[in-house]
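A short worksheet on the structure shown next.
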């Protein structure tokens, strides 16, 4: 969507209004364009290979894994080079590399970050504490 300037402009005001109600937004330009003043910005990333393996499993191994990875690399290159809302983390975003993490670990890290930045519990008691302990032990 971001590469279509007219569509992007039409959606921008809607996304900002939606976020004012209190929301978690996900997208390649949320922290840099849509909500550059957000309290918490998390930029999730993973190696192209890890992302390809995940997509390959989700799709039931229909196309060759190398083709899936090549498509991911091509999209990343295109998105990073576009003039409108290029793919990049916001300067104040926390980058979490999910290449070697499962969904529960990513969730726990995000919750711990939200709690730290907002000084408010964002998770059932214990989830963020477990992640903090894991991070300290690493």
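The values are calculated or read from the model by the stated rules, or taken from the named source; none is laboratory data. It should be emphasised that the depicted structure is a prediction, and the values quoted were computed from it without experimental measurement. Counting neighbours? That spans all protein chains shown, and the Cβs are built from the backbone with ideal geometry, glycine included.
In this structure, does residue 3 turn out to be more than 16 Å from the chain's Cα centre (by Cα), at pLDDT below 95 and either assigned to a loop (DSSP other than H, G, I, E, B) or surrounded by fewer than 12 Cβ atoms within 10 Å (Cβ to Cβ) (or both)?
yes
Restricting attention to the stretch 28-55, report how many residues are in a loop (DSSP other than H, G, I, E, B), without any contact (Cβ under 8 Å) to a residue 24 or more places away in the chain and either under 20 Å from residue 81 (Cβ atoms) or touching a strand residue (DSSP E or B) at 6+ places or on another chain (Cβ under 6 Å) (or both).
Number satisfying all stated conditions: 0.
Scan the stretch 79-115 for residues that are in a helix (DSSP H, G or I) and in contact (Cβ under 8 Å) with a residue 12 or more places away in the chain and report the count.
So the answer is 12.
Report whether or not residue 95 is within 15 Å of the chain's Cα centre (by Cα) and modelled with pLDDT of 95 or more.
yes
Yes/no matrix, rows are residues, columns are (1) over 14 Å from the mean Cα position of the chain (by Cα); (2) at pLDDT 90 or above; (3) under 30 Å from residue 9 (Cα atoms):
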position	(1), (2), (3)
52	yes, yes, no
65	yes, yes, no
68	yes, yes, no
82	yes, no, yes
90	no, yes, yes
123	yes, no, no
128	yes, no, no
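Filter the stretch 91-111 down to residues that are out of contact with any strand residue (DSSP E or B) (no Cβ under 7 Å at 6 or more places or on another chain) and either surrounded by fewer than 15 Cβ atoms within 10 Å (Cβ to Cβ) or closer than 21 Å to residue 36 by Cα (or both), then give me how many there are.
8
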